[in-house]
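Here you go, one structure.
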Amino acid sequence: MEYKKELKNNRWVDVPMTGDVWHLLKEQRVADTYYRRGDGQATQDLDWVEALHRNWVHELIDLSDFEYCYATNGATEAINQWLLHEEREYQYFQGEYEYPSLIKPGTEVCTGYKEYTIDPNKVLYVSNPSAADGNFFNLDVDCPVILDCTYISSTNVQEFNKIHIPPNTEQIFFSFSKGFGLVGNRLGLVYTKKPHKTLHSCKEFENWNYGSVKTMDLIMANYDVDTMWKQHRAWQLNMCKEYSLIPSDCFFLATSGDPYYTKRRRMKYNPSARLCLTPLIEW
Ligand SMILES: Cc1ncc(COP(=O)(O)O)c(C=O)c1O
């Protein structure tokens, strides 16, 4: 009962770091990235990490139409940098990650359960896997899209069912906060089709966090994109069995239609509550 209460009261998604990730981080020394800005070493590291990352995620998403890549302080900075220049209005699905709306309010598009009206002139900010329930979904829209793939690295690979990238997608965000519990390290990558309005100049001046790029390298060199999912899937399934929950595609999330969890419902037209399982974790 205590655990059920914890699940009900836990509003946030918070994934702890496993012991072996923690040990791996000890291999990185801050002094290793004391580069002179402009001498090209940081760019070399970032180019390497970009190549590694494109390949790391390739069974989940094809980034070949996105020529440009930038290192950001988590997906949060990617959102900040997107909204800094966004002059159009934006729209989102009910239950979506709420941070963008703290900066600039958008319009919710849902009109019922699995029903929505997309405005072709507004940008759609959307996470896939979805922050609403931790599941992949198929998104077919023609409006401009900002696609947030923060939850990639906490799911299985979808070799024959890659994330569909709507044709007018402009930017794609990635993070290592969730799958690897590295929220404090602020590790993010943004891919764009056109040079980013501000990140591009920053990149030319080698102005980003060199240490974060080294950490992303370390993680990708030691783990596959689905390693965490493989490590924790059995645990997730056990927890879901014990508490009668439906496991999400992301290993740390589940959903439930039980009215006990009404507080955790993110979608008014959908009775599923999103539950973060990590308060139950012992690792
Ligand atoms: C969908 C989504 N995007 C972005 C973020 C922020 O990620 P980061 O820690 O990489 O800044 C979160 C964190 O909860 C999220 O759920």
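The values are calculated or read from the model by the stated rules, or taken from the named source; none is laboratory data. These figures come from a predicted structure and were not determined experimentally. Note that each Cβ is placed from the backbone with ideal geometry, even for glycine, and that neighbours are counted across all protein chains shown.
For Gly184, are the conditions met, namely being within 12 Å of the ligand (Cβ to nearest atom), outside the structural domain of Cys276 (by TED's automatic domain parsing) and surrounded by fewer than 18 Cβ atoms within 10 Å (Cβ to Cβ)?
So Gly184 passes the test.
State yes or no: is Glu98 more than 30 Å from Asp47 (Cα to Cα), within 11 Å of the ligand (Cβ to nearest atom) and either touching an Asp or Glu at 6+ places or on another chain (Cβ under 9 Å) or without any contact (Cβ under 8 Å) to a residue 24 or more places away in the chain (or both)?
It is true that Glu98 is more than 30 Å from Asp47 (Cα to Cα), within 11 Å of the ligand (Cβ to nearest atom) and either touching an Asp or Glu at 6+ places or on another chain (Cβ under 9 Å) or without any contact (Cβ under 8 Å) to a residue 24 or more places away in the chain (or both).
Of all the residues that make up the range 82-95, how many are surrounded by 20 or more Cβ atoms within 10 Å (Cβ to Cβ), more than 12 Å from the ligand (Cβ to nearest atom) and under 18 Å from the mean Cα position of the chain (by Cα)?
0
Yes or no: the range 220-235 includes at least one residue that is more than 16 Å from the ligand (Cβ to nearest atom), surrounded by fewer than 16 Cβ atoms within 10 Å (Cβ to Cβ) and in a loop (DSSP other than H, G, I, E, B).
There is at least one residue in the range 220-235 that is more than 16 Å from the ligand (Cβ to nearest atom), surrounded by fewer than 16 Cβ atoms within 10 Å (Cβ to Cβ) and in a loop (DSSP other than H, G, I, E, B).
Among the listed residues Ile146, Ile152, Ile118, identify the single one that is under 14 Å from Asp62 (Cα atoms) and assigned by TED's automatic domain parsing to the domain that holds Tyr90.
The conditions single out Ile152.
Can you pull out every residue in the range 107-157 that is in contact with a helix residue (DSSP H, G or I) (Cβ under 7 Å, 6 or more places away or on another chain) and under 16 Å from Val15 (Cα atoms)?
Listed by number, the residues that qualify are Thr150, Ser153, Ser154, Thr155.
Any residue at all in the range 112-130 that's under 30 Å from Thr278 (Cα atoms), hydrophobic (A, V, I, L, M, F, W, C) and either touching a Gly at 6+ places or on another chain (Cβ under 8 Å) or touching a residue at least 60 places away in the same chain (Cβ under 8 Å) (or both)?
no
To keep it simple, each residue is scored yes or no on (1) within 30 Å of Tyr35 (Cα to Cα); (2) surrounded by fewer than 17 Cβ atoms within 10 Å (Cβ to Cβ); (3) at pLDDT 95 or above; (4) in contact with a Lys or Arg (Cβ under 9 Å, 6 or more places away or on another chain).
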{"site": "Leu139", "(1), (2), (3), (4)": "no, no, no, no"}
{"site": "Phe160", "(1), (2), (3), (4)": "no, yes, no, no"}
{"site": "Val190", "(1), (2), (3), (4)": "yes, no, yes, no"}
{"site": "Thr198", "(1), (2), (3), (4)": "yes, yes, yes, no"}
{"site": "Ser201", "(1), (2), (3), (4)": "yes, yes, yes, no"}
{"site": "Glu204", "(1), (2), (3), (4)": "yes, yes, yes, no"}
{"site": "Trp208", "(1), (2), (3), (4)": "yes, no, yes, no"}
{"site": "Ser212", "(1), (2), (3), (4)": "yes, no, yes, yes"}
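Can you tell me which condition Thr76 does not meet? The list is (1) away from the ligand (no atom under 16 Å from the Cβ); (2) surrounded by 13 or more Cβ atoms within 10 Å (Cβ to Cβ), and all the others hold.
(1)
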